[in-house]
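One structure is given below, encoded as structure tokens.
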Amino acid sequence: MEHMDKLVELSYALDTFYFLISGAFVMWMAAGFAMLEAGLVRAKNTTEILTKNVALFAIACTMYMLVGYNFMYPVEAVNSVWPGMGFLLGEEHTASAVLNSKGETYYSKMADFFFQVVFVATAMSIVSGAVAERMKLWAFLAFSVVMTGFIYPIQGYWKWGAGFLDQLGFLDFAGSGVVHLCGATAALAGVLLLGARQGKYGPNGEIHPIPGCNMPLATLGMFILWMGWFGFNGGSELKISDIGEANAVAMVFVNTNAAAAGGVISALLTAHILFGKADLSMSLNGALAGLVAITAEPLTPTPFLACIIGVIAGILVVFSIIGLDKLKIDDPVGAISVHGVVGVWGLLAVCISNPDATMVAQLTGIATIFSFVFVTSIITWYVIKLVMGIRVTEEEEYQGVDYSECGMEAYPEFTNSGK
Amino acid sequence: MEHMDKLVELSYALDTFYFLISGAFVMWMAAGFAMLEAGLVRAKNTTEILTKNVALFAIACTMYMLVGYNFMYPVEAVNSVWPGMGFLLGEEHTASAVLNSKGETYYSKMADFFFQVVFVATAMSIVSGAVAERMKLWAFLAFSVVMTGFIYPIQGYWKWGAGFLDQLGFLDFAGSGVVHLCGATAALAGVLLLGARQGKYGPNGEIHPIPGCNMPLATLGMFILWMGWFGFNGGSELKISDIGEANAVAMVFVNTNAAAAGGVISALLTAHILFGKADLSMSLNGALAGLVAITAEPLTPTPFLACIIGVIAGILVVFSIIGLDKLKIDDPVGAISVHGVVGVWGLLAVCISNPDATMVAQLTGIATIFSFVFVTSIITWYVIKLVMGIRVTEEEEYQGVDYSECGMEAYPEFTNSGK
Amino acid sequence: MEHMDKLVELSYALDTFYFLISGAFVMWMAAGFAMLEAGLVRAKNTTEILTKNVALFAIACTMYMLVGYNFMYPVEAVNSVWPGMGFLLGEEHTASAVLNSKGETYYSKMADFFFQVVFVATAMSIVSGAVAERMKLWAFLAFSVVMTGFIYPIQGYWKWGAGFLDQLGFLDFAGSGVVHLCGATAALAGVLLLGARQGKYGPNGEIHPIPGCNMPLATLGMFILWMGWFGFNGGSELKISDIGEANAVAMVFVNTNAAAAGGVISALLTAHILFGKADLSMSLNGALAGLVAITAEPLTPTPFLACIIGVIAGILVVFSIIGLDKLKIDDPVGAISVHGVVGVWGLLAVCISNPDATMVAQLTGIATIFSFVFVTSIITWYVIKLVMGIRVTEEEEYQGVDYSECGMEAYPEFTNSGK
């Protein structure tokens, strides 16, 4: 008896530790988004995008603690569509409750919250890149309060809180839909209301590339995200403490890596065929596309299939970025393509390897997340626009939002070009 | 019997692994301080601050191995004030000793050393930022030998080596006092002897801001520190292998994160109220202030209270940075405010949530650490000043210490301003 | 019985988790090499070196999955020199097989693959720095296909796949030879065929230093590598789940850290004696040299001896870098010295602390790895040279390879110098 209890305790400790480390890796992705976005904007808009990334992470952590976690994982759900509400985080499992459950309760509730809270921040980080270089900082932060406290948790509840999408058989292992499509959809709504950056699209349909100012930073951001994704997908197995679960987590790691590698290779080759050059920014987006695509199902494919799913994602992201530009949807970092378009691909690709997936359920999930997030986001953006405006003035945009929003240059000694 | 032994072995392995990973996270904080400080100084002083950060980490690891660890955790303490001395690191626990202890000895001694050694480096890293841009490199390294071999370990022994502060009931979970106040106090002593940078304070009381040259780097540094802090505080629980301990570590992660988030939000808002802008550098210091404040007691507060402790820290750090500037105490990165002033707040805040804390013991601990470190540091700095000088010449400072101390520019192709 | 099975399961889970986290740390080293190399080249060649680092990682992961892993760890080896071939990755261990083995099979096969695959990328990353600033991007990527699919796995098999070097008693714990000397040798072969950068060596034997453009980035890269090395060496113990193994992993962490610290201190002092300055780039190379040197045997030395092994490595690397320059072997980042010359020192130093090592076996291993990798690499480079050329034109080199190879500047707004 004593041995069995000690086994349950050790097992609980290992699963909790695995959760916490996975969460720390996902938290680290906040730095990845910050560096990626700071590298891909112009110098004059860098301080502002950094401030947004730091502040949105703080807001996400706080709002999800105050209301979001209980929306998404309600103790008592009123029904399967609208979750009930608890208050703050509830009680940790007691040792006796865990022991009595014979290991059914197998990890700390606080560890679960920690893992979930850093996911919210990821969804929100996706938005900041797409609206870069022309959105008002405080308007963005106002949106992030609504997004992380309400929009994300409600749609998250439908799948991960055992809501109606889950009951419908919609499959989304680590969040190609719940996190990435959700973030990209909110971003799309914002970009449509906000319009393109000055000078991005010429009057005769020309598209002017606006190069990022710091490619090593963007590359660093991509590597941070790649690393963090092992926590993102690896931790989403939720358990590691027996042979089958340990094997599953290992498979998730291998497949996550293989898909990212496939995405790099195909995006590099696709861009080379199209442009005749080895395009670094497309390679970075290829890696991220591979990662987003495998996120919906990193467990059931073989590593070779995972690589192929990444390869397709890498091709898709290049054409999507080109396509959105033709539609004059201006997304400075390619976030809508990487997380939205490829997120949809990932959700559909679940059907290739997972026999439990149905195309109907996947499409229902995609349609539900997209329409809910799009409608609530565009309403939210619109209200913010009415109340305080969402776009800086032309003059401020020309000068750079660092000056108008933050009063501080990111590189005061380096820039050779004027504002 | 065999099962019980195997359980003890697994438990020992898990706790050791938890310690080692926590230590690796804390080691990573060295990169955080290096990036934060390199981002907040001017380009002409960047190579030197990087060199200091790399060298101080190496010196800390070596000195603590040679003498510090045994000062701080003596096998046989002579008494509670002055520790005895061993030699180097002593013996690892044998398997039979661990098994005979029935799990009382529950993790590797070498893992303990690894965890402790990276803490020393953290304390020393705090100093380098405050004395940036005008201190001689070799004088700084000489100080770091004394600090990491003697000053830090002796005061650390008083609390964590079961010395008199520990017996008095002074509570300091992961080192708001032992690490952060200690580092900040040594920095303050150095800054007082060193004086302000040229041009920082005008003859009529004007304060001239000297902006950092690379804000993405500073932001990266902050994110690295935030991530590393999960090891710093999370590892300081010292054990994870049963339900109660696993829950405790999870709570520490959640509270550490909540306090940092609170610090960002309040510092951003406070700076906005004071200056009318979203001040990135204050947001970064707000995050670090939240982290320092919760370090003294990240276990007993609820997450909501942890957030509030961080909120207060974020407000405090903004006013402290402004206040020190009025006193003409020139600290280029705000280290004395973040680690010293807020460290004191963290130590006092223990009394809010931990019924075992007393205001008297906390104040005694603060006073002891401050006065011991201040007196020994100022003597050390003074002796170094007499022997080799601590400040570069006016001409060298004007040119930048990179040239005089390191013979190498950090950004030879980028800087648009003259030296 | 049930208890024993659950113990085996938990143990398997812990070892698998330890492997996966170690692998994630090693994957992170890819970012370290990318940042180190991007910091040490000139601005005009930065995008290209970043693209190489991203692409080589993807190629390494894919080639090793397709063919390399089975070359290196064949299920059925034909003989001890030439491995047999399986197809892709084979089958994961089933729970019943693990339980039947009574814990002989103690971690996931996929976790093993993940750990191994990131090692291959490390070996390849070493090459990219040495051939920087003048090699054609696609030629480099073609070489990386051969290297990661064939050259690395075959020599790796000789030691780690239980091939003839292993049977001979050649000792190489985590790969001072198999990874570092291998990478450095392939780099040397490339550099010899490629020649020096324009302007590096004057007609009268002058050596013109070409400073790196971004020292904070190089420093960040070094810190990333230092952190990642805890996974590299720590994971190479292969097991952590009992007291002896946990102690061993802890010792490896401590020794890895001590050697790096020793390398920093001695390289800093050696450079100070030679040049009169605190040379940051030599300090960075000193840290890496300490890490490479201890990699062959991080377990048996005492921490003090590990520090001394690092000290010698730090001195050696400074003289090696100077020496290679005298031989007009142009290695922009010092990779051949850090990983090759010091790798040899590390392999010889095994004999100091490990009684099982013999100088004959170590020298045989060094000679075998060097000659096999050198011959196969130079043939490969030569074939690539015939087919597509390996060096950009003089004009392209003068303009910077970013423009010719990638069509994208790394810092379009910063550089003050012309191309």
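Just to verify a result, which residue in the range A:384-408, among those that are in a loop (DSSP other than H, G, I, E, B) and at the interface with another protein chain (Cβ under 7 Å from one of its Cβ atoms), is surrounded by the fewest Cβ atoms within 10 Å (Cβ to Cβ)?
If we filter the range A:384-408 for residues that are in a loop (DSSP other than H, G, I, E, B), which is where we start, we get A:389-390, A:392-393, A:400, A:407-408.
Applying the additional criterion that residues be at the interface with another protein chain (Cβ under 7 Å from one of its Cβ atoms) yields A:407-408.
Numbers: A:Gly407: 15, A:Met408: 24.
Step by step, filter the range A:384-408, then rank; the result is A:Gly407.
Evaluate the range B:186-197: report whether one residue or more is part of a loop (DSSP other than H, G, I, E, B) and not charged (D, E, K, R). Full working, then the answer.
Pass one, the range B:186-197, residues part of a loop (DSSP other than H, G, I, E, B): B:195-197.
Now restrict to residues that are not charged (D, E, K, R): B:195-196.
So far as the range B:186-197 goes, yes, one or more of its residues are part of a loop (DSSP other than H, G, I, E, B) and not charged (D, E, K, R).
Can you name the number of the only condition in (1) of a type outside the set (Asp, Glu); (2) surrounded by fewer than 24 Cβ atoms within 10 Å (Cβ to Cβ); (3) assigned to a loop (DSSP other than H, G, I, E, B) that B:Cys213 fails?
All conditions are met except number (2).
Taking B:Phe173, is it outside any loop (DSSP other than H, G, I, E, B) and either within 14 Å of chain A (Cβ to nearest Cβ) or surrounded by fewer than 24 Cβ atoms within 10 Å (Cβ to Cβ) (or both)? Give the derivation first.
Values: outside any loop (DSSP other than H, G, I, E, B): no; either within 14 Å of chain A (Cβ to nearest Cβ) or surrounded by fewer than 24 Cβ atoms within 10 Å (Cβ to Cβ) (or both): yes.
Criteria not met by B:Phe173.
Counting just the residues of the range C:271-281 that are at the interface with chain B (Cβ under 10 Å from one of its Cβ atoms) and touching a helix residue (DSSP H, G or I) at 6+ places or on another chain (Cβ under 9 Å), which one comes out surrounded by the most Cβ atoms within 10 Å (Cβ to Cβ)?
Initially, the range C:271-281 is screened for residues at the interface with chain B (Cβ under 10 Å from one of its Cβ atoms), giving C:271-272, C:275-281.
From what is left, the residues that are touching a helix residue (DSSP H, G or I) at 6+ places or on another chain (Cβ under 9 Å) are C:271-272, C:275, C:277-281.
Values: C:Ala271: 26, C:His272: 16, C:Phe275: 14, C:Lys277: 20, C:Ala278: 26, C:Asp279: 23, C:Leu280: 31, C:Ser281: 25.
Going through the qualifying residues, I end up with C:Leu280.
If you scan the range C:92-150, which residues turn out to be among the charged types (D, E, K, R) and away from chain A (no Cβ under 11 Å)?
So the first thing to find is which residues in the range C:92-150 are among the charged types (D, E, K, R), and the list is C:92, C:102, C:104, C:109, C:112, C:133-134, C:136.
Within the range C:92-150, C:Lys102, C:Glu104, C:Glu133, C:Arg134 meet the criteria.
Determine which member of the set B:Ala259, B:Ala267, B:Ala287 is crowded, with 24+ Cβ neighbours inside 10 Å and within 9 Å of chain A (Cβ to nearest Cβ).
When all the criteria are applied, what remains is B:Ala287.
Taking A:Ala246 as the residue in question, decide whether it is out of contact with any strand residue (DSSP E or B) (no Cβ under 6 Å at 6 or more places or on another chain), within 14 Å of another protein chain (Cβ to nearest Cβ) and closer than 20 Å to C:Asp112 by Cα.
The answer is yes for A:Ala246.
Can you confirm whether B:Trp381 is assigned to a helix (DSSP H, G or I), among the aromatic types (Phe, Trp, Tyr) and within 21 Å of B:Ile309 (Cβ to Cβ)?
no
Look at the range C:124-170 and say how many of its residues are outside any loop (DSSP other than H, G, I, E, B) and closer than 27 Å to C:Met408 by Cα.
17
Give the residues of the range B:314-343 that are among the small types (Gly, Ala, Ser) and within 20 Å of B:Val127 (Cα to Cα), sorted by residue number.
B:Ser320, B:Gly323, B:Gly334, B:Ala335, B:Ser337, B:Gly340, B:Gly343
So B:Ala186 passes all but one of these: (1) within 14 Å of chain A (Cβ to nearest Cβ); (2) crowded, with 24+ Cβ neighbours inside 10 Å. Which condition number does it fail?
(1)
Since C:Val333 meets every condition but one in (1) part of a helix (DSSP H, G or I); (2) within 18 Å of the chain's Cα centre (by Cα), which condition does it not meet?
It is condition (1) that C:Val333 fails.
Residues to consider are B:Ala121, B:Ala174, B:Ala139, B:Ala132; find the one that is farther than 15 Å from B:Leu238 by Cβ and under 14 Å from the mean Cα position of the chain (by Cα).
Only one candidate qualifies: B:Ala121.
Before we move on, is A:Val54 within 17 Å of the chain's Cα centre (by Cα) and either facing chain B (nearest Cβ under 7 Å) or polar (S, T, N, Q) (or both)? Explain how you work it out, then say what you get.
Details: within 17 Å of the chain's Cα centre (by Cα): yes; either facing chain B (nearest Cβ under 7 Å) or polar (S, T, N, Q) (or both): yes.
Yes: the conditions hold for A:Val54.
Give me a count of the residues in the range C:290-346 that are under 16 Å from C:Gly183 (Cα atoms) and either touching a Cys at 6+ places or on another chain (Cβ under 6 Å) or within 14 Å of chain B (Cβ to nearest Cβ) (or both).
1
Exactly one condition in (1) among the polar types (S, T, N, Q); (2) touching a residue at least 60 places away in the same chain (Cβ under 8 Å); (3) assigned to a loop (DSSP other than H, G, I, E, B) is not met by B:Asn204; state its number.
(2)
Which residue, of C:Ala349, C:Ala367, is surrounded by fewer than 16 Cβ atoms within 10 Å (Cβ to Cβ), over 30 Å from A:Ala271 (Cα atoms) and within 20 Å of the chain's Cα centre (by Cα)?
Only one candidate qualifies: C:Ala367.
If I go through the range C:201-221 residue by residue, how many of them are facing another protein chain (nearest Cβ under 7 Å) and not polar (S, T, N, Q)?
The total comes to 6.
Select from the range B:13-27 the residues that are facing chain C (nearest Cβ under 7 Å) and either in contact with a Leu (Cβ under 9 Å, 6 or more places away or on another chain) or among the β-branched types (Val, Ile, Thr) (or both) and write down the one among them that is nearest to B:Lys52 (Cα to Cα).
Among those that are facing chain C (nearest Cβ under 7 Å) and either in contact with a Leu (Cβ under 9 Å, 6 or more places away or on another chain) or among the β-branched types (Val, Ile, Thr) (or both), it is B:Ile21.
Which of (1) assigned to a helix (DSSP H, G or I); (2) over 15 Å from the mean Cα position of the chain (by Cα) does C:Gly231 not meet, given it meets every other one?
Answer for C:Gly231: the failing condition is (2).
Any residue at all in the range A:8-20 that is more than 30 Å from A:Thr415 (Cα to Cα) and among the small types (Gly, Ala, Ser)?
The answer is yes, given that some residue of the range A:8-20 is more than 30 Å from A:Thr415 (Cα to Cα) and among the small types (Gly, Ala, Ser).
For C:Ile240, all conditions in the list (1) part of a loop (DSSP other than H, G, I, E, B); (2) surrounded by 24 or more Cβ atoms within 10 Å (Cβ to Cβ); (3) more than 7 Å from chain B (Cβ to nearest Cβ) hold save one; what is the number of the exception?
(3)
Condition check: surrounded by fewer than 20 Cβ atoms within 10 Å (Cβ to Cβ), more than 14 Å from chain B (Cβ to nearest Cβ) and at pLDDT 95 or above. Does A:Gly195 satisfy that?
Considered against the rule, which asks whether it is surrounded by fewer than 20 Cβ atoms within 10 Å (Cβ to Cβ), more than 14 Å from chain B (Cβ to nearest Cβ) and at pLDDT 95 or above, A:Gly195 comes out as yes.
The values are calculated or read from the model by the stated rules, or taken from the named source; none is laboratory data. Here the structure is a predicted model, which is why all the values come from computation and not from measurement. Reconstructed Cβ throughout: ideal geometry from the backbone, glycine too, with neighbour counts over all protein chains shown.
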